[in-house]
Amino acid sequence: MPLSDHIPVLDDRRFADLVEEARARIPQYTPEWTDTNGGDAGFALVELFAWMSEMLLFRIGRIPELNYLKFLELIGVELAPARPATTILVFPVKPSFAQETVIVPSRFPVASSQPDDDGPILFETDRVLTAIKNQLTAIQSFDGYAYSDLTAANADLDGGFEPFGALANTGSAFMLGFSSTSELPSNAELSLAFWPASERVIPPAPCGGGTVAVSPPGRFAWEFWAGTEWRPLKVLSDETLGFSRSGMVHLKCPPAGQIVAATLGKKTDAKRYWLRARLVYSGYERAPRLRAVRSNAVPAIQAQSVAREVVGGSEGTPSQVFQLGNTSILDGTLELDVDETGTPERWTEVSDFFGSDEDSKHFVLNRTTGEIRFGEGNRGRVPVANLAVPQANIIANFYRHGGGQRGNVAAGGVSTLMRTLPGIDAGAVSNPVAAEGGTDEETLDAAIERAPVVLKSRERAVAAEDFEMLAKQAGPVRRAHTMPLHHPDFEGINVPGVVTVLIVPDTPGPAPLPSEALMQTVCAHLDSRRLLTTELFIIGPAYIGISLDLEVIAATDANAAELTLAVENAVSAYLHPLTGGADGLGWPFGGTLFYGEIYRRALLPDVSRLAGLKIEVEGVAQPDCADVTMPKGTLVRLDELRVSVRSEEELERTA
């Protein structure tokens, strides 16, 4: 969003304070003037001069702010627009449906089941999905010696399983069994979504190499069971990097008549069509673990599409401004047509008109407000009026709008089809994992804080603060912390040329962790801006679990229930990774846990005193009145907070 929308308006006029000050001085300088009411002619002059003085003072007071914002606008600093959340949607097909497949079109709308104050939260599919009727009813692993049934583990999203067994040796296989009520549709595209399981903190993401591809730790050969042998299956695309990160796998179903239903391994309850990923090369340091796999899956984004919206009619005057019907326009989605001669022509969006001439068919879009601005003739062409359609020759052929934190919907929360789709089991459509990545527009204070680093770094990551600021620009990153010379694989050893950036996402919860997608996004953003000799890693925070036991003595007439809640909120807020710390900007990385500071935070107005405070760190009790030093780069996670409120009388009775 352009900073021009935040430049102070200089016509605000208030003068009541100056009038009262003048009235108070009248007895001192002109005691003979006794009528200081508003109807007095002399006092009317006082009000006039007070009004003029107040206006002048107000404008002078805002000159520094005005100049600062104008300077930011000059160097190209704008508010980062809202970002839309993304997720994966699954579209099961009814087993009774007559056809083998259902085509789910691109940009098909699905809404959240629980609307917020602004109404339903809409998501749209990002690509065409060919949903097959055959359901994924069984999965199992083969480690080279024995089969393991993983079907129940796949249904439980909170668990995890090893698709190639505990060793993931070459020759191990991950097998998917599909229902055989009808044959797999010949040559149809099969869309599978995979989510790796994170046992603790997501492994560090190495960033480097520029355009050099990252090699997967293992290579698969996808195959199908043909009755007597396994035959090759064509892979259209694989985003999982050897099951090391979340992503989609697109396979081409076998030709008609080749795949054979059978009972294999431990799944002998029914015949199924079997596909498998066989390890032809295994370079895993640790066997991969998956959280879940789902078929008929497609990526979706929190957005709404609009087509053929009439924006208005050009009058042929310079610097015309038009307004789209929606706000928070997604970057690069607006297709604007201008009909000057009866044949609409596509105009080009630019960030400003500084590089435009009188013939440039350019326009500037304010993505936050939906405002479209055209040139003034010398810089940017003025759209010519069309008498045939005087009110409708500016047309938004297509655009998408959406974004914000409201799009971070919980798992299973996106499940309401906005249009009928024959064959799809509407009651089973959902997002298996939570939507993530949605952020609101950057605040003006955040932009002002970012500006000095932007001016200093020039989009290059050299100093520690450069890495931190650029990491926060890459996505929904609330906090970033640079650790020079720190290599994730060599704790406690300074490694020259290595920089590790620790990121904390802007997500709710007591211990936010970045997703793989966010870490890869930050990697890509910083990789193009780092020095060539810098080895860069992106990691998530390591949390140290603590438990607190507070015995609070309440003041007289204090409400015990309200006081308990107030103490819990005060202490929890102080220790929170995003809102804690002495400055309220988040608990400091590796910050010392001061016994006295926790004590002070619990001393609210209705608290007479604290009778006891005990601290446990990772289950180990700490000495009384002792501070706790946290490891470098760690944050605290409040696992348990026990607050017992008692009165002085109760304490005396139990003494």
* Residues being of a type outside the set (A, V, I, L, M, F, W, C) and crowded, with 18+ Cβ neighbours inside 10 Å - total across region 161-182 -> 7
* Asked: Residues of region 310-359 being assigned to a strand (DSSP E or B), under 30 Å from Gly438 (Cα atoms) and aliphatic (A, V, I, L, M), which ones?
  -> Val310, Val311, Val321, Ile329, Leu336
* Report, by residue number, each residue of region 413-443 that is over 18 Å from Glu124 (Cβ atoms) and either outside any loop (DSSP other than H, G, I, E, B) or small (Gly, Ala, Ser) (or both). => Gly423, Gly427, Ala428, Thr439
* To do: From (1) at pLDDT 85 or above; (2) among the acidic types (Asp, Glu); (3) loosely packed, with under 13 Cβ neighbours inside 10 Å; (4) not in a loop (DSSP other than H, G, I, E, B), pick out the condition that doesn't hold for Glu652.
  => (1)
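For Thr34, are the conditions met, namely being farther than 30 Å from Glu183 by Cα and exposed (fewer than 13 other Cβ atoms within 10 Å of the Cβ)? Reasoning before the result, please.
Values: farther than 30 Å from Glu183 by Cα: yes; exposed (fewer than 13 other Cβ atoms within 10 Å of the Cβ): yes.
For Thr34, the condition - farther than 30 Å from Glu183 by Cα and exposed (fewer than 13 other Cβ atoms within 10 Å of the Cβ) - is met.
Test Val504 against the stated conditions and say whether it is part of a strand (DSSP E or B) and at pLDDT 85 or above. Step through it out loud before you land on a result.
Details: part of a strand (DSSP E or B): yes; at pLDDT 85 or above: yes.
Yes, satisfied.
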* Identify, please: which residue in region 170-186 is touching a strand residue (DSSP E or B) at 6+ places or on another chain (Cβ under 6 Å) and part of a loop (DSSP other than H, G, I, E, B) and is, among those, modelled with the lowest pLDDT? -> Ser180
* Can you work out which of the residues in region 534-591 that are without any contact (Cβ under 8 Å) to a residue 60 or more places away in the chain and touching a Pro at 6+ places or on another chain (Cβ under 6 Å) is surrounded by the most Cβ atoms within 10 Å (Cβ to Cβ)? => Trp587
* Structure fact -> Out of (1) in a loop (DSSP other than H, G, I, E, B); (2) touching a residue at least 24 places away in the same chain (Cβ under 8 Å); (3) small (Gly, Ala, Ser), the one Ala396 does not meet is (1)
* Structure fact -> Filtering region 507-549 for residues that are polar (S, T, N, Q) and modelled with pLDDT of 90 or more leaves a count of 1
* Asked: Among all residue pairs at least 6 apart or on different chains, which show Cβ distances below 6 Å where the first residue, located in region 445-468, is farther than 10 Å from Val77 by Cβ and the second is modelled with pLDDT of 80 or more and surrounded by fewer than 13 Cβ atoms within 10 Å (Cβ to Cβ)?
  -> none
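Would you mind finding the one in Ala256, Ala292 that is in contact (Cβ under 8 Å) with a residue 24 or more places away in the chain, among the small types (Gly, Ala, Ser), part of a strand (DSSP E or B) and in the same structural domain as Leu241 (by TED's automatic domain parsing)? I'd like the intermediate steps shown before the answer.
Numbers: Ala256 fails: part of a strand (DSSP E or B).
It is Ala292.
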* Positions within region 138-160 being in a strand (DSSP E or B) and either crowded, with 17+ Cβ neighbours inside 10 Å or not assigned by TED's automatic domain parsing to the domain that holds Val93 (or both), in sequence order -> Ala138, Ile139, Gln140, Ser141, Phe142, Ser148
* Structure fact -> Residue pairs within 8 Å by beta carbon, gap of at least six or interchain, first lying in region 367-388 and in contact (Cβ under 8 Å) with a residue 40 or more places away in the chain, second assigned to a loop (DSSP other than H, G, I, E, B) and basic (Lys, Arg), listed first then second, are Phe374/Arg381; Gly375/Arg381
* Structure fact -> Among the residues of region 281-323, the number that are β-branched (Val, Ile, Thr) and crowded, with 19+ Cβ neighbours inside 10 Å is 4
* To do: Filter region 229-252 down to the residues that are among the hydrophobic types (A, V, I, L, M, F, W, C) and in a strand (DSSP E or B), then identify the one that is farthest from the chain's Cα centre (by Cα).
  => Trp230
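Scan region 445-478 residue by residue and report those that are surrounded by fewer than 16 Cβ atoms within 10 Å (Cβ to Cβ) and not in a loop (DSSP other than H, G, I, E, B). Steps first, please.
Taking region 445-478 first, the residues surrounded by fewer than 16 Cβ atoms within 10 Å (Cβ to Cβ) are 445-446, 449, 452, 455-456, 458-460, 462-465.
Answer for region 445-478, where residues must be surrounded by fewer than 16 Cβ atoms within 10 Å (Cβ to Cβ) and not in a loop (DSSP other than H, G, I, E, B): Asp445, Ala446, Glu449, Pro452, Leu455, Lys456, Ala464, Glu465.
Of the residues Thr443, Thr420, Thr439, only one is within 30 Å of Gly119 (Cβ to Cβ), more than 21 Å from the chain's Cα centre (by Cα) and not hydrophobic (A, V, I, L, M, F, W, C); which?
Values: Thr443 fails: more than 21 Å from the chain's Cα centre (by Cα); Thr439 fails: more than 21 Å from the chain's Cα centre (by Cα).
Step by step, each of Thr443, Thr420, Thr439 is checked, and only Thr420 is within 30 Å of Gly119 (Cβ to Cβ), more than 21 Å from the chain's Cα centre (by Cα) and not hydrophobic (A, V, I, L, M, F, W, C).
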* Can you name the residue in region 68-107 that is aromatic (Phe, Trp, Tyr) and touching a residue at least 40 places away in the same chain (Cβ under 8 Å) and, of all such residues, is surrounded by the most Cβ atoms within 10 Å (Cβ to Cβ)? -> Phe91
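The values are calculated or read from the model by the stated rules, or taken from the named source; none is laboratory data. Being a predicted model, the structure only gives us computed values, none of them experimental. Because the Cβ atoms are built from the backbone with ideal geometry, glycine has one as well, and the counts that use them run over all protein chains shown.
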